[in-house]
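Heads up, the thing below is written out as structure tokens.
The values are calculated or read from the model by the stated rules, or taken from the named source; none is laboratory data. Just so it is clear, the model here is predicted, and its values are computed rather than measured. Neighbour counts are summed over all protein chains in view; Cβ atoms, including those assigned to glycine, are modelled from backbone coordinates with ideal geometry.
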Amino acid sequence: MIARCRKQLIVLSILLSPLLFPALSWSIVSVGDDIELEGFVRSMNILKTGARPFNDGELTHQRNTAQLEGKYYFLRDSTAFNSFSTGPIEEATFTFLARAAHDSIFDLRDSYAGLNGRGKEEYKVREAFVDFIMPPFSLRLGRQQVVWGETDNFRALDVINPLDRTWHGTRESWEDIRIPLWMARGIWDVGKIGPFEETFLEVIVIPDDFQTNKVFADYPRPWAFRGIGLQEEAANSVLLGDTLADLYDSSVTVIDGTEKETDIRNVQSGFRFKGVWNDVEFSVNYFYGFAQSPGVKIHSAELVGSTFETVIETITPRTNVFGFTANYSEEKYTQSVFRLETTVTKGLPVAIKFGSRDDTNGNGFDTASQSVVMIGIDRPTWIPALNSLRTFFISTQFFWRRWLDYSSFYRGSFYDVQPAVVGGSVVPGRFISVNNDKIDQDEFVFTFSASSNYGRAGLWRPLFVFAYDPRSSGAYNKIQMEYLYSKHLVFKLEQHLYWRESGSDQSPWGLGSYLGEPGIRRNETQFTATFQF
Amino acid sequence: MKNLTVHSSEHPAPFHRLLTSAFVLTAAALLWMPAQVIAEDQSYQALRDWIDNPPAENYATPGKHYTLSDRKAVLEALIPQTAWKYYFFEGMDMEVTETGHYPAPDDWGKKMTPTADYKLDDKGVLVGFTGGGTPYPEISEDDPMAGQKAVWNMLWRPGSNDYNMPMMVWLRSEDGTLDREMEFISVNSQFAHGDHSLVSGYEEVKSKQLFEFRSPRDMAGAKNLTIKYVDHYKENSGWLYMPAQRKPRKVLSSERTGELMGMDMIREDSMGFGGKVYENKFTYLGKRKLLATVNVSDNPEIGGPSNWVPDKARWEVRENHVVLIEPRADNHPYSYRIVFIDVETNWTSWMFAFDKRDDQLFRLNQHFTKYSETFDTEPPSQAPYVKQDFSKSVGHQVFLHLGQTDINAKKPHATITHCFVNKKAFSAARAKQFYSLRNMVSGRR
């Protein structure tokens, strides 16, 4: 225990060392002429407020984070380490980003004891890469994030890095929850070519670093994915015809068919050609990777004596993502920037109703193709009644996702825990888990956000977010106020609201159709204090 | 009077004394108020009156330090009236030096577009000009397009580009409270050089600028690429890279009237006027001598009761073009904008913009400049976070921008900027890549 505390203290001391020099720490800290450090210390507290705000609240997070970012300029003006010439390599830098996080709620809540500390701490060098500039080429080597596409906070082309959704779903800045991967990113700056301007060709290669999206299913962890239905009960039975088998007397064999994290055969790669044609900025993209959310093949599921025996295999098939993006700034009539992103992804794993007509392989697993079209509009907008000095930045997105080779037997992720019913009668104390989450061929979501700033120096920054799925009528609102108290201290208060208009359809977007369900609802009040340097 | 006497005799003595006191106080107030009303008058009309009433000969004496006691006799005639409220204060110190002569680069005008190849169209837009010199070296006061010509000279002035400019910005309240402090670096290159472009094949580009925030951390790494075109009708192109998004985002360029980042200026206020000529009406109001912080010794000390304005700085009496600019758009926040542009250097000295709601001062900016040939003998301050070799600026024979103060009179609030500028020359290959969309796909993080 003492050794562990010492380790934490050492890591925190290293991360916070720039603060030991307060005279230097008012902005980026320069160490000599070539090294710069910056970062922050942050405390984030989340109160889950359920259906009745402030009446049934429970503190679910107390995540304390220290982040240190550094850049070392070791090659400038074609001279490395101020001593030797590097010829055509004009500049090079080394960048790192390290994060230490400790969620002290684990120390406060007895109910988290069963998690055995999973999710309590994190100590990572998240990003570490070297940039080389050798005009017209540039190369970034190392652990990094690469973001493609025009969308905000939706997965279409932004699929190169998987997401860590364990500690707060997708509600945090994606910069903080993308899982950086070891890769090479090379860019050839072409410039003008034919009718195109500002063109470049980008190639990325991820030799062997494959990781899936991370999701927790460990109750009572607040962002554990539990499915719908009875929240206080866990499935303890399985229904095979009219026979109810005890899940506690079961044998589940899981074959890990996902790709191993470090294996050269797991190479992923892609390219992007980007440019401007007649004031229209566009890109053509291709990425050859793996599905980041595994599918499950059911090899067998049967009752052997009184034991329910299943053999399943998790699998992450190869995917091919073809994408096209464009944007256009219409300056005269609408004064808006129009954004477009469209993709076709082949090879996505999907669950298909076990034993159904379309379950041709008899294992409840299929791969499918999916298209996405996103149209977005950004507009700085004057609303003088609300702010006479500054515009509101309004951004809207409309998403249409379509399963191209659709089967009505496709099933989503939402398992429903229900009382077991045998012969028309409820069996007391027995609960089964069923998947009635039929996937719609066409899925839609609309998002809207508006932000501005107030106060003489613009230190108060409100943000309003609204997302709505017209099929399930699930919705989400975020109301946020950030206050830049000083150059060091930033406070942020957020309210997240999940709700639905009507119905019981599940939405694939994680909005109020799921997170607004009674018993699941996780409206949250979040307060964050950040000391930055 | 008789009535007053009779009336007063009917009242007890204390009330009589009260009346007398009230009379004396009222008379004193009436005598004192006009001066105060004038001093505080920040209306458009007051500035017009000030412009129209220059002093006969009573200009400042070079070599003398002026203080508040010199306000009436000398300074009021040389500082635009709408600025008096901020620039005259107890303890102020204005050093006035000999009016200098600052030649343009030796090759200035020698590579420029032939005069016959460019013109002002009916909207006052300069068409066919590609730089390399001053489009209108001589401006006749009775020229109906004199206002536009003065502005075009300012927009194509020597020294307006080709620099590396670390900056510090302080946002201050009226009581002097420092609300926010920011650091950023602007790097800028002129592409259009008259007979050639910096990068062959990019002849349509006037200039490119890359602007990156350094602090505070919530903004660090945010960068903005702006491309301005030779064709004034073509809207600028802009991209914003936000580290939190890890990708560039196309930004709208035609919205120029909202305050930026909490600062007290709008994009259109840049160098007095940074908007589109065809969106405004122009009137040339003649020339006017005034005090300007031209060829300052250093980034000026900031003083005054609110810490908003230069103090202990070096000023020169300079002759300026006075241009009245009226936005055509009904929803523009300004009714009038008056810009003072130095006749010799074509740099903006002062800008005053008036609120459309009441024609009172809305925003002003005032600029501090330094001539490049003094950078070795009298170098300006280094930025606190980067050291530069200022000798690289010597020989260019241009002015460099050492900063400005922007005051929003309506809030009231001010943004003070210090620029630690140095000339920077890019090779064609480096410029092509540095100012590219490619360079915007990744950033500090």
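Listed values, structure above:
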quantity: Complete set of residues in the range A:94-119 that are crowded, with 17+ Cβ neighbours inside 10 Å and either part of a loop (DSSP other than H, G, I, E, B) or more than 13 Å from chain B (Cβ to nearest Cβ) (or both); calculated: A:ALA100, A:ALA101, A:HIS102, A:ASP103, A:ILE105, A:PHE106, A:TYR112, A:LEU115, A:GLY119
quantity: Yes/no for A:ALA467 being within 19 Å of the chain's Cα centre (by Cα), in a strand (DSSP E or B) and buried (at least 17 other Cβ atoms within 10 Å of the Cβ); calculated: yes
quantity: Residue among A:PHE154, A:PHE129 that alone is in a loop (DSSP other than H, G, I, E, B), of a type in the set (Phe, Trp, Tyr) and within 14 Å of another protein chain (Cβ to nearest Cβ); calculated: A:PHE154
quantity: The range B:206-224, residues that are assigned to a strand (DSSP E or B) and at the interface with chain A (Cβ under 9 Å from one of its Cβ atoms); calculated: B:ARG214, B:SER215
quantity: Extreme residue, surrounded by the most Cβ atoms within 10 Å (Cβ to Cβ), among residues of the range B:250-267 that are of a type in the set (D, E, K, R) and either in contact with a helix residue (DSSP H, G or I) (Cβ under 9 Å, 6 or more places away or on another chain) or facing chain A (nearest Cβ under 7 Å) (or both); calculated: B:GLU259
quantity: Any hit, the range B:168-190, residues being more than 9 Å from chain A (Cβ to nearest Cβ), of a type in the set (Gly, Ala, Ser) and more than 22 Å from A:GLY455 (Cβ to Cβ); calculated: yes
quantity: Strands (runs of 3 or more DSSP E) (entirely within the range A:293-374) containing at least 2 residues that are within 25 Å of A:ALA245 (Cα to Cα); calculated: A:295-304, A:307-315, A:336-352
quantity: Selection count where residues are more than 14 Å from every other protein chain (Cβ to nearest Cβ) and not acidic (Asp, Glu), scope the range A:452-477; calculated: 13
quantity: The range A:111-170: number of residues that are more than 20 Å from B:ARG444 (Cα to Cα), aliphatic (A, V, I, L, M) and touching a residue at least 24 places away in the same chain (Cβ under 8 Å); calculated: 5
quantity: Single residue of the range A:320-337 satisfying the filter (more than 10 Å from every other protein chain (Cβ to nearest Cβ) and of a type in the set (Phe, Trp, Tyr)) that is surrounded by the fewest Cβ atoms within 10 Å (Cβ to Cβ); calculated: A:TYR333
quantity: Per-region count, the range B:109-151, residues surrounded by fewer than 20 Cβ atoms within 10 Å (Cβ to Cβ) and assigned to a helix (DSSP H, G or I); calculated: 3
quantity: Selection from the range B:418-441 of residues that are over 26 Å from the mean Cα position of the chain (by Cα) and either part of a helix (DSSP H, G or I) or within 27 Å of B:GLU181 (Cβ to Cβ) (or both); calculated: B:ALA428, B:ALA429, B:ARG430, B:ALA431, B:LYS432, B:GLN433, B:PHE434, B:ARG438, B:ASN439, B:MET440
quantity: Matching residues, the range A:179-218, being at the interface with chain B (Cβ under 9 Å from one of its Cβ atoms), at negative phi and charged (D, E, K, R); calculated: A:ARG185, A:ASP189, A:LYS192, A:GLU197, A:GLU202
quantity: Yes/no for A:VAL147 being at the interface with another protein chain (Cβ under 10 Å from one of its Cβ atoms) and modelled with pLDDT of 95 or more; calculated: yes
quantity: All positions within the range B:22-61 that are surrounded by fewer than 13 Cβ atoms within 10 Å (Cβ to Cβ), at pLDDT 90 or above and either over 30 Å from B:LYS356 (Cβ atoms) or touching a helix residue (DSSP H, G or I) at 6+ places or on another chain (Cβ under 6 Å) (or both); calculated: B:THR61
quantity: Every residue from the range A:236-254 that is on the phi < 0 side of the Ramachandran plot and not in a strand (DSSP E or B); calculated: A:ASN236, A:ASP242, A:LEU247, A:TYR248, A:ASP249
quantity: Output for the range B:388-435, where each listed residue is within 9 Å of chain A (Cβ to nearest Cβ), at pLDDT 95 or above and surrounded by 22 or more Cβ atoms within 10 Å (Cβ to Cβ); calculated: B:HIS413, B:THR415
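Quick grid of which residues meet (1) under 29 Å from B:GLY131 (Cβ atoms); (2) in contact with a Pro (Cβ under 6 Å, 6 or more places away or on another chain); (3) surrounded by fewer than 20 Cβ atoms within 10 Å (Cβ to Cβ); (4) not β-branched (Val, Ile, Thr):
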position: B:MET168; (1), (2), (3), (4): no, no, no, yes
position: B:ASN188; (1), (2), (3), (4): yes, no, no, yes
position: B:ASP195; (1), (2), (3), (4): yes, no, yes, yes
position: B:LYS208; (1), (2), (3), (4): yes, no, no, yes
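Here is a yes/no grid of residues against (1) among the small types (Gly, Ala, Ser); (2) within 27 Å of B:ALA431 (Cα to Cα):
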{"site": "B:TYR102", "(1), (2)": "no, no"}
{"site": "B:ASP107", "(1), (2)": "no, yes"}
{"site": "B:ALA116", "(1), (2)": "yes, no"}
{"site": "B:VAL125", "(1), (2)": "no, no"}
{"site": "B:PRO137", "(1), (2)": "no, no"}
{"site": "B:PRO144", "(1), (2)": "no, no"}
{"site": "B:VAL151", "(1), (2)": "no, no"}
{"site": "B:GLY159", "(1), (2)": "yes, yes"}
